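What follows is a set of notes on a single structure, which appears directly below.
The values are calculated or read from the model by the stated rules, or taken from the named source; none is laboratory data. It should be emphasised that the depicted structure is a prediction, and the values quoted were computed from it without experimental measurement. Heads up, the Cβs are rebuilt from the backbone with ideal geometry, glycines too, and the neighbour counts pull from every protein chain shown. Side chains are part of the model used for accessible areas, which takes the heavy atoms of the whole protein and leaves out ligands, DNA and RNA. Shrake-Rupley method; radii C 1.70, N 1.55, O 1.52, S 1.80 Å.
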Amino acid sequence: MGRHREFDVEKALDAALCVFWRKGYEGASYSDLTEATGVERPALYSAFGNKEALFRQVLDRYYERYVDYIPKALEMPTSREVAAHMMSGAIDLNTRYPTHTGCLAINGVLAGSDEAEPVRQALIDSRAVAEVQLRERFERAKAEGDLPETAKPAALAAFLLAVLHGMAVQAKAGFSRDMLEAVAEQALSTWPSKSS
């Protein structure tokens, strides 16, 4: 018969999420995770499996609870509004919590050892999904006449993600919300329009 779990799994996941967000995957030690969650290492293993399995659960939670602006952005009526909503949502998320700035997915993969390769690949795969969603949305915008014929949806998707990822790194490095908003404004000033 299994032992009764003596901790709140939801609270433990939230605490682990904050640790991974602040320190990245490899920077987060088991000591960090046990201290933040208040759960001893054997109980963490029992509840979540290894560190990679815990991180994957945390990542799912992050996307579900914090990155909800992406599906909303994809529903915006114009491609420029899609880009603006994505940048606004990212700026808010990247600067909302002073103790863990930036983006968990970007912070989690900036550097890693060979042992962390499966986690790095999972983060790369999740960003690839976002890129496909953006490219498809911008292809639709082009077909609807929202973007000029010369627009390149794949390049626009890659550009937007490059700006978003750069802003996440800048937020982690201490850039202010005002500066990130100026970066977004600059990026939007180059957005192609029907008259371009």
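D for the chain, whole µm²/s, Stokes-Einstein with Kirkwood Rh over alpha-carbon pairs at 37 °C and 0.692 mPa s: what number? Before the final figure, lay out each step's value.
Values: Rh = 18.1 Å.
D = 182 µm²/s.
Hey, what do the phi angles of segment 23-30 turn into as Karplus ³J(HN,Hα) couplings, whole Hz, using 6.51/-1.76/1.60 and θ = phi - 60°, x for Gly and Pro?
Going residue by residue, I get 10, x, 5, 6, x, 7, 8, 4 Hz, with x marking Gly and Pro.
Hand me the GluC sites (Glu not before Pro) from segment 97-196 located in a DSSP loop with no more than 15 other Cβ atoms within 10 Å, in residue order please.
On the way: sites: Glu115, Glu131, Glu136, Glu139, Glu144, Glu149, Glu181, Glu185; in loops: Glu144, Glu149.
Hits after loop and neighbour filter: Glu144, Glu149.
I need two numbers for segment 110-183: Rg to one decimal and Dmax as a whole number, Cα atoms only, in Å.
Final numbers for Rg and Dmax: 15.6, 47 Å.
If Rh is defined by the Kirkwood formula over all Cα pairs and Rg also comes from Cα, what ratio Rg/Rh do you get for segment 1-103? The partial results should precede the final answer.
On the way: Rg = 16.4 Å, Rh = 15.1 Å.
Result for segment 1-103 is an Rg/Rh of 1.09.
In what order, largest first, do Asp114, Asp125 sit by accessible area if the probe radius is 1.4 Å? Present the calculation step by step, with values, prior to reporting the outcome.
Working: Asp114 135, Asp125 80 Å².
The most accessible residue leads, giving Asp114, Asp125.
How long is the gain from Glu131 to Tyr63 if the chain were fully straight, where each residue apart is worth 0.36 nm and the alpha carbon distance is subtracted?
Here the answer is 23.0 nm.
Let me have the 222 nm mean residue ellipticity of the chain computed from DSSP H runs of 4+ only, each contributing -39500 (n - 2.57), with the sum over all residues rounded to the nearest 500. Each step should come with its number before you reach the end.
Details: 10 runs with 139 residues, N = 196.
The helix-only estimate for the chain comes to -23000 deg cm²/dmol at 222 nm.
Within the set Lys11/Lys51; Lys72/Lys172; Lys23/Lys72, which residue pairs have Cα atoms separated by over 22 Å?
Numbers: Lys11/Lys51 17 Å; Lys72/Lys172 25 Å; Lys23/Lys72 28 Å.
Among Lys11/Lys51; Lys72/Lys172; Lys23/Lys72, the Cα-Cα distance tops 22 Å for Lys72/Lys172; Lys23/Lys72.
So if we plug the beta-carbon distance of Thr190 and Arg96 into 1/(1 + (r/R0)^6) with R0 = 22 Å, what FRET efficiency do we get, rounded to 0.05?
The calculated FRET efficiency here is 0.25.
What residue among Ala130, Ala73, Ala83 shows peak mean-square fluctuation when the chain is described by a Gaussian network model with Cα springs under 10 Å?
Fluctuation is largest for Ala130.
Which whole-Hz couplings ³J(HN,Hα) result when phi for each residue of segment 70-84 is put into the Karplus expression 6.51 cos²θ - 1.76 cosθ + 1.60, θ = phi - 60°, listed in order with x for Gly and Pro?
5, x, 5, 4, 5, 8, 4, x, 10, 5, 5, 5, 4, 4, 5
Under 10 °C and 1.306 mPa s, how fast does segment 73-114 diffuse according to Stokes-Einstein, given a Kirkwood radius computed over C-alpha pairs? Answer in µm²/s, whole number.
Values: Rh = 11.9 Å.
Here the translational diffusion coefficient equals 134 µm²/s.
What is the pair-distance distribution P(r) of segment 45-89, computed from all Cα-Cα distances in 5 Å bins starting at 0, with each bin given as a whole percent?
5, 22, 19, 13, 12, 10, 9, 7, 3, 1
Å³ per residue of the Cα convex hull, for segment 130-169? It would help to have the intermediate numbers written out before the result.
Values: hull volume 2.2 nm³, N = 40.
Dividing the Cα hull volume of segment 130-169 by its residue count gives 55 Å³.
If you add up the charges near Leu161, with Lys and Arg at +1 and Asp and Glu at -1, over every other residue whose beta carbon is less than 9 angstrom from its beta carbon, what do you get?
Values: positive: Arg127; negative: Glu131.
Charge balance in the 9 Å sphere: 0.
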